[in-house]
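Student: Below is the structure I would like to discuss, written out as structure tokens.
Read-outs: derived from the displayed coordinates by stated rules, not from any lab. These numbers come from a predicted model, not from an experiment. Backbone-built Cβ (ideal geometry, glycine too); neighbour counts: all protein chains shown.
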Amino acid sequence: MLIIAVVIHAICTFGYHFIDGMLFLCTLRFVQGMTYGMASTVIATTVASIVPESRRGEGIGYFTLSITLGSAIGPFLGISLPQINPLYALVLCDVLSISLIVLAFILNITEIKVGFRQRVEVKSFRLRTFFEPTAIPISIVALLGAIGYSAVMSYIGTYSETIGLLLGGSLFYIAYSIACLIFRPISGVMIDRYGNHVVMVPILFTMILGFLAHSNLVLLLGAVLVGIGYGSIPSAGQTIAVQKVKLNKFSLATSTLYIALDLGNGIGPYILGMVVPIYGFRAVYMCSAIAALLAFLFYIGMIIKSRKENVAV
């Protein structure tokens, strides 16, 4: 699956040299989106399966940290390289695509065997075929967090300019990235040592506070809090998502969480952006705080339910 995904992704990357219209561009982006989703799910599942259970949170934390670095370095190079030469960015993408194919063949990824029952479920095309039920609760928490986060990141520039906080707005993402780099591995270690609740409850609460910023200093503090909060959700969420399932369901549990994160990142700016013409940009961040509060309350509900049923979240 990984080899197929990276090969198709590379073919699409080379296709950017021959773009002759918007339809072709959108088609390439659509196919690349699918292949990226396939590859990221396979890799995330592999990481969760090869890391010892006692250090799974730490291992997943380091893995998601690499995603943060990539998402920070990529846009920087995408903006900087075309200013030197328009072809440099495309050539770099071509080289990286070839490197991915080489790595996919070199990496010794252990195949996760699928049982007979799971094969039957896949052929049935039921809801259970595409979603792991035990991972849905934490995925809902991740969905609500992603809605708030995506709105913040989409409108931070315009919002900071509107309220006269240009300095804070320009440094927001830098502060967020630094917080992710520092606290994402720490949250993984803490989950391994102290359990889910010790990590999830504080990070969800800090995310609420992070959306309530009204000065340059507080805006940067908000970026740090959002980095601690939402920045830790992908790693902590995946650790929780795979805790209750067998090895052959790791991919489905991981996919369920990632679908929630992608859905939240996609619909967040659209849904919360609709309040801008009526209530202004500040209302977007209040709505983001409310979404984070709902995530916090939902997780508290998960804790209460699990204690009543005497099972772990």
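Student: Using amide H atoms built 1.01 Å from N in the peptide plane, name the residues 5+ places from residue 275, or on other chains, whose amide H lies under 5 Å from its own.
Tutor: HN-HN under 5 Å from residue 275: empty list.
Student: Please work out how much length the chain gains when fully extended from residue 17 to residue 274, using 0.36 nm per residue of separation minus the C-alpha to C-alpha distance, in nm with one decimal.
Tutor: Result for the pair: 88.9 nm of gain on full extension.
Student: Taking the Cα of residue 3, stepping 7 Å toward and past its beta carbon, and measuring to each backbone N in segment 85-102: which are under 17 Å?
Tutor: Output list for this probe position: 98-102.
Student: Using per-residue counts of other Cβ atoms within 10 Å, averaged over each peptide, order 200-210, 240-250 from highest down.
Tutor: Sorting 200-210, 240-250 by mean packing, highest first, produces 200-210, 240-250.
Student: Per residue of segment 262-271, what does 6.51 cos²θ - 1.76 cosθ + 1.60 with θ = phi - 60° give for ³J(HN,Hα)? Whole Hz please, x for Gly and Pro, Karplus curve as stated.
Tutor: Values per residue, Gly and Pro as x: 5, 5, x, 5, x, 8, x, x, 5, 5 Hz.
Student: Please label the shape of segment 26-85 as rounded, prolate or oblate, based on the square roots a ≥ b ≥ c of the eigenvalues of the alpha-carbon gyration tensor (a/c under 1.5 means rounded; beyond that, a/b larger than b/c means prolate, else oblate).
Tutor: Oblate, because a/c is 1.5 or more while a/b does not exceed b/c.
Student: Further question on the same structure: Each label point is 7 Å from the Cα along the Cα-to-Cβ direction; what then is the distance between the points at residue 298 and residue 186, in nm?
Tutor: Modelled inter-label distance: 2.7 nm.
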